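Okay, structure first, notes after.
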Amino acid sequence: EKGRAAESGRLALTTKGGHLAWLLKERPVAERKLTLDEAKEAARKYLESRDYAGMKPVAVEEYRNVVVVALCPVRGGIMIYPEMIKVQVAMDDGEIMGVETMSYLTFHDPQRTLATPGLTEAEIGQRLNKHLKVEAINQAVILNDQYEEVLTYEYTGRVGENRYRVYLNAATGEEERIQRIDEQGLETK
């Protein structure tokens, strides 16, 4: 393109299969014209055009007019968090600046059999903190502390001003994880 300085970029492909592991373009993004929803949709469409279908944005992080959108596949209504892909979107024109697929490449299993929950949503819900005002309930596969995949019920809600995601094991009802998150779905400390 005339008038645009030469762009630099780097990418890595896997040795086995030649899959994209990550891609990173570098250019300053001087202004913010897109909304966060438009950035999420740009990331989703980009992945869809590359045969990563059924990806749902779960969190966004903005840094210097570039947004990192974390997306997970949804299969049979179940979020598959271990197969997360992160896409960087320029907020000036929606250009895809970066992609990171390492988790997806590590944990993707086209033959994955999804467990049937041993407990119902109602049975599990009785184990929640009574102060949690639930905003959303999903089924989700997460990695537990031993890096084993576990089917959970994911409850997103609030206790006072704070927002949380609580993961309860769908077979036992035990709490697998609790995350404090911000409005964009990012874990906070």
Problem set entry | For segment 89-189: rounded, prolate or oblate by the Cα gyration tensor [a/c cutoff 1.5] | oblate
For this session: Let me know the shape class of segment 67-138, please: from the alpha-carbon gyration tensor, a ≥ b ≥ c as square roots of the eigenvalues, rounded when a/c is under 1.5, otherwise prolate if a/b is greater than b/c, or oblate.
Result: oblate
Exercise. What whole-number value in Å² describes the accessible area per residue of the chain for a 1.4 Å probe?
Worked result: 60
Exercise. So what's the net charge close to Ala53: Lys and Arg +1, Asp and Glu -1, counting the other residues with Cβ under 13 Å from its Cβ?
Worked result: +2
Exercise. Relative to the Cα centre, what is the charge dipole magnitude of the chain, using +1 at the beta carbon of each Lys and Arg, -1 at the beta carbon of each Asp and Glu, and rounding to the nearest 20 debye?
Worked result: 260
Exercise. By how many nm would the segment from Ala136 to Asp182 grow when fully extended, if each residue of separation counts as 0.36 nm and the alpha-carbon distance is taken off?
Worked result: 15.1 nm
Problem set entry | Structure-based [θ]222 nm, the chain - -39500 (n - 2.57) summed over DSSP H runs of at least 4, per residue, nearest 500 | -3500 deg cm²/dmol
Problem set entry | With Cα atoms, 0 to 90° folded angle of helix 36-49 axis to the chain main axis | 80
For this session: Would you mind putting 174-184, 54-64, 79-89 in packing order, based on average other-beta-carbon counts within 10 Å, highest first?
Result: 79-89, 54-64, 174-184
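Greater than 29 Å separation of Cα atoms is the criterion. Which listed pairs, Lys40/Lys130; Lys25/Lys56; Lys33/Lys56; Lys33/Lys133; Lys40/Lys133, meet it?
Values: Lys40/Lys130 33 Å; Lys25/Lys56 23 Å; Lys33/Lys56 22 Å; Lys33/Lys133 34 Å; Lys40/Lys133 26 Å.
The answer is Lys40/Lys130; Lys33/Lys133.
The values are calculated or read from the model by the stated rules, or taken from the named source; none is laboratory data. From a predicted model like this one, the values you see are computed outputs, not experimental measurements. Don't worry about glycine lacking a Cβ; one is built from the backbone with ideal geometry, like all the others, and counts go over all protein chains shown. Ligands, DNA and RNA are excluded from the accessible area calculation, which covers all protein heavy atoms including side chains. Shrake-Rupley method; radii C 1.70, N 1.55, O 1.52, S 1.80 Å.
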